[in-house]
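The values are calculated or read from the model by the stated rules, or taken from the named source; none is laboratory data. None of the values given here were measured: they were computed from a predicted structure. All Cβ positions, even for glycine, are placed from backbone atoms using ideal geometry, and neighbour counts span all protein chains on display. Keep in mind that these areas ignore ligands, DNA and RNA; they rest on the heavy atoms of the full protein, side chains included. Shrake-Rupley method; radii C 1.70, N 1.55, O 1.52, S 1.80 Å.
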Amino acid sequence: QVQLVESGGGLVQDGGYLRLSCRASGTVFSVGAMGWYRQAPGKQRELVARITSGGDTEYLDSVKGRFTISRDNAKNLAYLEMNSLKPEDTAVYYCEADIKTFRSGFESDYWGPGTQVTVSS
């Protein structure tokens, strides 16, 4: 079994800072790309940031320069540092990872349960 769990969400004021963490655990053989997605009420889920196992990154245009994605491959961890938060960043943030288990011979897509980020104006 593989578990993907996020932490670090919460309530902050406009202009504030939060750091989200995501840990993959269980029967993990290797972790490929990891990503952060978000979904606000009434809106579709969107990719916020993604990082490959080699460290290449991509970002949603509206968060470029404010958010930074990073990872610790040895610990199967991914982080999302969020600076200058805005009310429009309010959403449930989900971690996603491409994981190969000890049993499978290929990567599959796993998701965490999500963590709420609320930015007050």
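A quick yes/no check of all residues on (1) among the basic types (Lys, Arg); (2) closer than 19 Å to Val119 by Cα; (3) open to solvent by 20 Å² or more (accessible area, probe 1.4 Å); (4) in contact (Cβ under 8 Å) with a residue 24 or more places away in the chain:
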| site | (1), (2), (3), (4) |
| --- | --- |
| Gly15 | no, yes, yes, yes |
| Thr27 | no, no, yes, yes |
| Ala33 | no, no, no, yes |
| Arg38 | yes, yes, no, yes |
| Ala49 | no, yes, no, yes |
| Ser53 | no, no, yes, no |
| Arg66 | yes, yes, yes, no |
| Asp89 | no, yes, no, yes |
Per the filter on the range 71-121, residues within 15 Å of Arg38 (Cα to Cα) and among the acidic types (Asp, Glu) are Glu81, Glu88, Asp89, Glu96
Here the residues within the range 91-107 that are open to solvent by less than 40 Å² (accessible area, probe 1.4 Å) and either at positive phi or of a type in the set (Gly, Ala, Ser) (or both) are Ala91, Ala97, Ser104
Apart from one, (1) open to solvent by less than 20 Å² (accessible area, probe 1.4 Å); (2) without any contact (Cβ under 8 Å) to a residue 24 or more places away in the chain all hold for Gln44; the odd one out is (1)
The one condition Ala49 fails out of (1) among the small types (Gly, Ala, Ser); (2) over 23 Å from Phe102 (Cβ atoms); (3) in contact with a Cys (Cβ under 7 Å, 6 or more places away or on another chain) is (3)
